[in-house]
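Nothing in this text is a laboratory measurement; each read-out follows from the coordinates by a stated rule. Note that the structure is a prediction, hence the values are computed from the model and not measured. Virtual Cβ from ideal backbone geometry, glycine too; neighbours counted across all protein chains shown.
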Amino acid sequence: MTRAHPHEQALAPTGAPGRLSRRSDRTLRQAQDRPCEAVPRSRLTQSRADRSQADRSQALSAHTRLRFLPLSASARPHELATQRGIAQRLAVLLGCAFEGDQDPAAPAGEAAYLVPNETLTSLDAARRHGIHGEGDLFGGVVPAPFVATKTITHPLVGHGAVAPDGWQPAFGERVEPAVLPGWSAFSAEDARAAARRLLPGGPVRVKLAEGIGGSGQWVVRDEAELDAGLARLDAGGLAARGVVLERNVLDPRTFSIGLLHAGSLCASYFGTQRTTLNRHGQEVYGGSSITVVRGGFDALEQRIGDDADVRRALALARIYHSAALACFAGMFASRCNYDVIQGRDAGGRPLAGVLEQSWRLGGASGAELLALQALRDDPALDTVRACTVEAHGALRAPPAGATVFYAGVDPHVGPITKYALIEDHADPRTAD
């Protein structure tokens, strides 16, 4: 799951999504009042230690080795620690030996399942690392760098607009009904043209292509504010990476829709994000709560219940997902996450659309991992609720049963505790 998006206000409720079972298909709104609570370890059917000794005949992956692939040069210590921890536990899930880091600059060596912390942005680079399909990694591979950014979400302002090599106009056409009104631009002139089209309808949000957690974004209400923001950007960087200009959303509610393949195990989920305050009092990502279902998007649709907003979020995410696979030749992903926002524009008109994609480890991946492990450990289980928490400030002991990925003082963000836990099971064996 990607970071929370500050469309004027906090994007997501602080509660967790509700339990879904055959006895009671409660709506997500009703259940969001429940706090994030751990399930006692005694309710999990098999420990990690037991799983690490499992017979290879029951392994989920054909690979016997797993390595972490640190592609992001800008990852902070708490992020790297969390990502390595997820990779190590994923090895246990898949039945692989964890072999630490793989040097991004070195030849692949012996074949291994890889867990990169960024989307691989070249098919050739993926092959050099021994990645040929979704069974070889937890993440994604795309044919060009821009495909891994949020600029693919919107079309260009015209046929003569500046575009990176490999730009696919067909993608923008296919996802138009599934995204907010907006355009992507790779020059200041094209950005101004996009703003002139959007501003008559209200404020416009400008987003840098690679911004995370709401960083690299600002809202403009006229062309002067846009020009002031563009003046701070490097022209070469704008041409290489681009910006997004889209309708600003008020009263936002953001859902995350995910699809996971971990070896032979497939699961999907819906969820929400929470925000918290960092040491400077700024609103930042605070965690995710997800409801994970065994099977793909079809299975997820059957278990959502009657929450129309979640159903709409899933429908929009599926349009985006299918368009990406159809339009970007050679891409594949075993970890897919789509952030879908719903709200209104300045005139009160309803808005809904996919904000961006994530084909790499994300903020919800700790919860994804624990849910996958629960599904692996109990073949009769078909729905799991899990959450991640990122708590800034004085270090506090996490709840009993939590899996802690980081608890310390990061030089960039200060004291932070990051953990994941299973919240609840919807057990088909006890449901009516």
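Modelled spin labels at A111 and R197, positioned 7 Å past Cα toward Cβ, are 4.6 nm from each other.
Positive end of the dipole of region 147-249 (Cβ unit charges, origin at the Cα centre): among V249, V219, G236, the Cα lying farthest that way belongs to V249.
Taking region 180-204 and a reference point 7 angstrom along Cα→Cβ of A239, the backbone N atoms nearer than 16 Å belong to 185-191.
Show log10 I(q)/I(0) for region 286-432 at q = 0.12, 0.15, 0.20 Å⁻¹, two decimals, from a solvent-free Debye sum over equal Cα scatterers. Values returned for q = 0.12, 0.15, 0.20 Å⁻¹ are -0.65, -0.96, -1.28.
In angstrom, the C-alpha Rg and Dmax of region 147-249 are 12.4, 33. For R65, the residues whose modelled amide H falls within less than 5 Å of its own, excluding neighbours fewer than 5 places apart on the same chain, are A97, Y113.
Placing pseudo-labels 7 Å out from each Cα toward the beta carbon at R311 and R396 gives an inter-label distance of 3.8 nm. Hydrodynamic analysis of region 199-302 uses the Kirkwood radius over alpha carbon pairs. Inserted into Stokes-Einstein at 20 °C and 1.002 mPa s, it gives a translational diffusion coefficient of 128 µm²/s.
Spacing of the modelled spin labels on S264 and A62, each 7 Å from Cα toward Cβ, amounts to 1.2 nm. Estimated from the Cβ-Cβ distance and a Förster radius of 22 angstrom, the FRET efficiency linking R127 and S322 is about 0.30. Checking every one of the trypsin sites (Lys or Arg not before Pro) in region 220-278 against DSSP loop status and a limit of 12 other Cβ atoms within 10 Å picks out R232.
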